[in-house]
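In what follows, a structure is listed as structure tokens, so that the remarks can point back to it.
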Amino acid sequence: AQSVTQLGSHVSVSEGALVLLRCNYSSSVPPYLFWYVQYPNQGLQLLLKYTSAATLVKGINGFEAEFKKSETSFHLTKPSAHMSDAAEYFCAVIEGGGFKTIFGAGTRLFVKA
Amino acid sequence: GAGVSQTPSNKVTEKGKYVELRCDPISGHTALYWYRQSLGQGPEFLIYFQGTGAADDSGLPNDRFFAVRPEGSVSTLKIQRTERGDSAVYLCASSLQGGSTDTQYFGPGTRLTVL
């Protein structure tokens, strides 16, 4: 069965610092992996997705994630945090060929001035 | 163009009552999904429609939950005999074709509170 684990329900960084949000997945078949962002009072928005092409995926707002099969990880990074990045981030997985998206519990990112 | 819309934005009901939650997907999107998000958790898959038919309803928690999409556009999630544990934000999403890699566009959600 598929599952997603996000390490750290809360992450706090200073403005300009590296952002690293961790995600590990479990899947019995090659997965498709996603990162979504949820800003306060807004709907979920897709940041980026891995669909078995390049393992390093670039998304919107300067975010990127790397698929590492050996580590079953899909960590999200951004070199320099901005105040506007403060939001909740969700990692998600779909087993290849399936329709059911499984979400992690989310990581809330705080950015300090 | 318009995104996914959901009505009502908030719904307060009493235990045992029946509720309907509506989702208007992006025009032309054939796939529609319902999720439930409880406080402090990620969205939980409920049901997936491809056109008018429910292609996967394995996430519906029990037979009190039912969803329809009669004309392949608007969908209604129906909850009978509501319980306090049904309190959550119900999210709807749509995608163009419904493939595994298709981008899902989410609505703002309906916050359901069962007293």
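Data overview
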read-out: Flag for B:G40 being within 12 Å of chain A (Cβ to nearest Cβ), surrounded by fewer than 19 Cβ atoms within 10 Å (Cβ to Cβ) and out of contact with any strand residue (DSSP E or B) (no Cβ under 8 Å at 6 or more places or on another chain); value: yes
read-out: Long-range neighbours under 7 Å by Cβ, at least six apart or interchain, first residue under 11 Å from B:G107 (Cα atoms) within segment B:17-37, second crowded, with 18+ Cβ neighbours inside 10 Å and of a type in the set (V, I, T); value: B:C23/B:V4; B:D24/B:V4; B:P25/B:V4; B:I26/B:V4; B:W34/B:I47
read-out: Contacts under 8 angstrom Cβ, first residue in segment B:44-63 being more than 10 Å from chain A (Cβ to nearest Cβ), partner exposed (fewer than 12 other Cβ atoms within 10 Å of the Cβ), 6 or more apart; value: B:T52/B:P70; B:T52/B:E71
read-out: Selected residue (criterion: surrounded by the fewest Cβ atoms within 10 Å (Cβ to Cβ)) from residues of segment B:78-107 that are among the small types (G, A, S) and more than 8 Å from chain A (Cβ to nearest Cβ); value: B:G85
read-out: Boolean, B:P70 is touching a strand residue (DSSP E or B) at 6+ places or on another chain (Cβ under 8 Å) and either within 10 Å of chain A (Cβ to nearest Cβ) or more than 30 Å from A:G8 (Cα to Cα) (or both); value: no
read-out: In segment A:84-96, the residues that are surrounded by fewer than 23 Cβ atoms within 10 Å (Cβ to Cβ) and within 12 Å of A:Q2 (Cβ to Cβ); value: A:E95, A:G96
read-out: Qualifying residue in segment A:39-60 (condition: assigned to a helix (DSSP H, G or I), more than 25 Å from B:S58 (Cα to Cα) and under 13 Å from the mean Cα position of the chain (by Cα)); value: yes
read-out: Condition broken by A:P79, with the remaining ones in (1) more than 20 Å from B:S100 (Cα to Cα); (2) surrounded by 21 or more Cβ atoms within 10 Å (Cβ to Cβ); (3) over 10 Å from the mean Cα position of the chain (by Cα); (4) not basic (K, R) satisfied; value: (2)
read-out: Scan of segment B:6-37 for residues that are at the interface with chain A (Cβ under 10 Å from one of its Cβ atoms) and of a type in the set (S, T, N, Q), ordered by number; value: B:Q6, B:Q37
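Every number in this text was worked out from the coordinates using simple rules, so none of it is lab data. The shown structure was predicted, so the numbers you read here are calculated from the model rather than taken from an experiment. Positions of Cβ are generated from backbone atoms using ideal geometry, with glycine treated the same way; all protein chains shown enter the neighbour counts.
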